[in-house]
1. Residues in segment 295-305 that are surrounded by 16 or more Cβ atoms within 10 Å (Cβ to Cβ) and within 16 Å of residue 225 (Cα to Cα): how many?
2. Can you find even one residue in segment 21-44 that is surrounded by fewer than 20 Cβ atoms within 10 Å (Cβ to Cβ), assigned to a strand (DSSP E or B), modelled with pLDDT of 95 or more and at negative phi?
3. Just to verify a result, which residue in segment 137-152, among those that are closer than 20 Å to residue 69 by Cα and free of Cβ contacts under 8 Å to residues at least 40 places away in the same chain, is surrounded by the most Cβ atoms within 10 Å (Cβ to Cβ)?
4. Do you know which residues across segment 48-75 are surrounded by fewer than 15 Cβ atoms within 10 Å (Cβ to Cβ) and over 25 Å from residue 252 (Cβ atoms)?
5. Looking only at segment 237-260, how many residues end up being within 29 Å of residue 139 (Cα to Cα) and in contact with a strand residue (DSSP E or B) (Cβ under 6 Å, 6 or more places away or on another chain)?
6. Which of the residues spanning segment 212-240 are out of contact with any helix residue (DSSP H, G or I) (no Cβ under 9 Å at 6 or more places or on another chain) and without any contact (Cβ under 8 Å) to a residue 40 or more places away in the chain?
7. Tell me, yes or no, whether segment 116-127 has at least one residue that is within 17 Å of the chain's Cα centre (by Cα), closer than 27 Å to residue 49 by Cα and buried (at least 17 other Cβ atoms within 10 Å of the Cβ).
8. Pick out the one residue from 109, 113 that is under 18 Å from the mean Cα position of the chain (by Cα), crowded, with 18+ Cβ neighbours inside 10 Å and under 14 Å from residue 228 (Cα atoms).
């Protein structure tokens, strides 16, 4: 993964991670609508569909994770992810001499990954410590593409019922690139049974829990969508990857439908951060594509146990 894409993936995990930290630090903390994410619950199945009017639309995603080993402070989780994405760029979006139709970009792309994730909870240097790692094999364009991974450690400098603050290193592991590292942080504070605030890696969210079955979050997340293709162009590598990274401020509503079943509706505005064509490794950018600001809506059904 490129550094930016990996950062985005980890930021999304932080939402689940900070809620899980709360239960680790104080078992009595209210957790009415549980976190969902790889390695954060015993079993997680989620199907989502997102729509926006633009060159990239109709995003369908299905994912499943299952914690098959839990021994003391360690867990191991198997996970799989399947996505499809409709792409329809104009030739005017690319530099002269590049045609998205002839390059195999304009179509419905199917891609995903299979992986393993692990977590550890304990104490290190007198502080509560959590570690998380993931390795995955990416596939797309009807073939295996690459192996990538993430390793993260988090020292909880403050950990009680209402407040958790942590900082630690994040290392990106990739089969085709160098291994960069940088610091990450989380901050979560619950004011009362109704209101809480999250800061995770620079992102922000305010949570309102009006009942044991409802959760409303106002803030923003980072959405990353990518696919692999073979452009058959003399100025591009044999295999390429397109990655679109957006910041999505908005509101999300999560509702408990039945025991362990939840529905989500998220809506807001898409703001482009990056939209580029690279090689498989993601280290060299060949084309930057325009993505206009536009509204979006996303719905999901989730099973979390």
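1. Matching residues across segment 295-305 total 2.
2. There is no residue in segment 21-44 that is surrounded by fewer than 20 Cβ atoms within 10 Å (Cβ to Cβ), assigned to a strand (DSSP E or B), modelled with pLDDT of 95 or more and at negative phi.
3. Restricting to residues being closer than 20 Å to residue 69 by Cα and free of Cβ contacts under 8 Å to residues at least 40 places away in the same chain, the top hit is 149.
4. Passing the criteria: 68, 69, 70, 71, 72, 73, 74.
5. 10
6. Passing the criteria: 216, 218, 219, 234, 238.
7. Yes, because at least one residue in segment 116-127 is within 17 Å of the chain's Cα centre (by Cα), closer than 27 Å to residue 49 by Cα and buried (at least 17 other Cβ atoms within 10 Å of the Cβ).
8. 113
The values are calculated or read from the model by the stated rules, or taken from the named source; none is laboratory data. Note that the coordinates shown come from a computational prediction; the quantities given were computed from them, not determined experimentally. Neighbour counts run over all protein chains shown; Cβ positions are idealised from the backbone, glycine included.
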